[in-house]
Every structure is written in structure tokens, then in C-alpha cells.
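The structure under discussion appears below in the form of C-alpha cells.
The values are calculated or read from the model by the stated rules, or taken from the named source; none is laboratory data. Since this is a predicted model, take the numbers as computed values, not measurements. Cβ: placed from backbone, ideal geometry, glycine included. Neighbour counts: every protein chain shown.
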């Protein structure tokens, strides 16, 4: 059996013991799949019958936030390399915009959108929306640290307000009582 | 003109999120994350009228935002979209009957104000 180094982020539905109830239970390990040992990739196993709504909500919120933040950061890096949008868009004019950063950015934003769709199947919209705004904070920090953009006092105030607001929302249940007690 | 475009963006974003939420509730909680189950779910969602309408709303919002950015500053366009947070939570309360307690109201209001400050 040969170890194939692959970087795959996949969410499997197999039953797995012990049940996943917190972040500490997540395993990053090699697994055997169709006779080939796949190593060096994180397998986040969510046994659907055991995973609590809170655990799933945390995972998918993380995916939405990471997808949107990294996606917008990559798009910014790609657009900075490509330059301003041409006034007349044609296939040829779009060529500089098909660089690796932009393709990766679009893929990550798509991951964020799909994760948000899944998240909304069990979590309240009024819970999800304020928490996704953490992306704004990460974008501000990303711009400051990676792109060397300046952050004004008003922006720091905004970051503080969003953080406190997000803490308020996390103090509530992610979904209606009837679902949460499942 | 700017305010009309902002109103269209907020309306489209709000409609898109509400439609997505309705469609996913209709579909039920996603419990099976096996690739084949996800493929089947994606195939069902691609035929869901609410999802199609939500994608159409997102597309309109995107192009209207592009139009707005061509005539207005980012520092004006982005904070204006924060208004959709409060509108969506109001609609989540009244249309989707979500339990929005004082903590969520406070949190959402602070987030909306924070996004506004972040973009100025």
C-alpha cells in the first residue's frame, strides 16, 4: 500500500467512535480509501448521527468565514497583479484576470457560499449573519498585515464593535429550540 | 442615483439570503456529508426555484454594486450594504419566525454600526 501525498479537505459521513462533540475530537489523520492510503491531509470526520448542531455550526461557520476571507484576500492579490479592469470587456481582455490568485479566490468564495447554504439548513439566519461579519475584521487585519494598508481609529472602533456584537450573538442558540434539543 | 442603487443592492441581498434560508429549511438539515450525498443535494438544489431566484438576486446585486462602484467611492458603497443586516434580521423575525432575543438585536446592531465604521 503506497502513501499518496494529497491535500484534500473532505467531510465524511462515516460512523466513527467516539462521537464528535467538541473541537478537541477532530482528528487529522491518514485513512485508507479504495486500497490507497491517503496521507498528509486533514480528514474532518463528522459522524452525522452523533455530531451536535453546535459542532456542525462551528465547523461550517469556520468554512464560511475562511472561504470568504481568504477568497477576498486572494482576489485582491490577483487584481493587484492584473491591474484595473478594462473598460471594454472581452475574452482577450479578461486573460490577465485568469491568474492563479483569482482562480483560487473564486474557488474559495464558492466554498464559502456552499458552506453558508448548508449552514442555513439548520442555523438561524439572524444567528449566522452577524457572525459572518467577522470576515470584515479579518479582512481589515489581512489588509493591515499582508497588504500593508493603514487602519484608521474609526476602523479600530468598527473592529471593536463587530467583535463585541459577535460575542453577543454567540451567547444565543444557533437554531430554534426544537432543533437544538435533538 | 446612488441611494437607488444602494436600495437595489440591499433588497437583492436580503431577498437572496431569505430565499436561500427558505429553500434550505424546505430541504431539511444537511446531515450526510458523503460526496455522493452532497452531489445528490446539489442536483436537487439546482432545480429548486428558490435557489435559482436567490442566485438571480445575488447576480443582480453584484452587477448593481459594480455600477455603484463606478460612480461612488468604496467608502460610501460598503457601509451602505451594512443596512441589510438589520433589514434581514427584521425579516428573519417576521417572515421566518426566528427567535430574535435582545442579545441578537444588540449584537446585530453593533455589527451593523461596526461595519459602517470599518468602511469609512
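Structure values in brief
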| item | result |
| --- | --- |
| Subset of the stretch A:148-167 [within 7 Å of chain B (Cβ to nearest Cβ) and more than 22 Å from residue A:76 (Cα to Cα)] | A:154, A:157, A:161, A:162, A:164, A:165, A:166 |
| Subset tally (residues that are without any contact (Cβ under 8 Å) to a residue 60 or more places away in the chain and either assigned to a loop (DSSP other than H, G, I, E, B) or under 23 Å from residue B:103 (Cβ atoms) (or both)) for the stretch A:133-166 | 18 |
| Residue under evaluation residue B:38, criteria (1) within 12 Å of the chain's Cα centre (by Cα); (2) within 11 Å of chain A (Cβ to nearest Cβ), criterion not met | (1) |
| Selected residue (criterion: surrounded by the fewest Cβ atoms within 10 Å (Cβ to Cβ)) from residues of the stretch B:41-68 that are within 10 Å of chain A (Cβ to nearest Cβ) and closer than 23 Å to residue B:81 by Cα | B:66 |
| Single unsatisfied condition, residue B:83 versus (1) crowded, with 17+ Cβ neighbours inside 10 Å; (2) more than 9 Å from chain A (Cβ to nearest Cβ); (3) at pLDDT 80 or above | (3) |
| Filtered residue count, the stretch B:94-108, keeping only those that are more than 7 Å from chain A (Cβ to nearest Cβ) and farther than 15 Å from residue B:15 by Cβ | 3 |
| Test result for residue B:9, more than 13 Å from chain A (Cβ to nearest Cβ), closer than 25 Å to residue B:118 by Cα, crowded, with 18+ Cβ neighbours inside 10 Å and touching a helix residue (DSSP H, G or I) at 6+ places or on another chain (Cβ under 7 Å) | yes |
| Flag if residue B:106 is part of a helix (DSSP H, G or I), free of Cβ contacts under 8 Å to residues at least 12 places away in the same chain and within 14 Å of the chain's Cα centre (by Cα) | no |
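For every residue, the table says whether it meets (1) within 16 Å of residue A:61 (Cα to Cα); (2) more than 8 Å from every other protein chain (Cβ to nearest Cβ); (3) touching a helix residue (DSSP H, G or I) at 6+ places or on another chain (Cβ under 9 Å); (4) surrounded by 18 or more Cβ atoms within 10 Å (Cβ to Cβ).
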{"site": "A:113", "(1), (2), (3), (4)": "yes, yes, yes, no"}
{"site": "A:126", "(1), (2), (3), (4)": "yes, no, yes, yes"}
{"site": "A:140", "(1), (2), (3), (4)": "no, no, yes, yes"}
{"site": "A:146", "(1), (2), (3), (4)": "no, yes, yes, no"}
{"site": "A:169", "(1), (2), (3), (4)": "yes, no, yes, yes"}
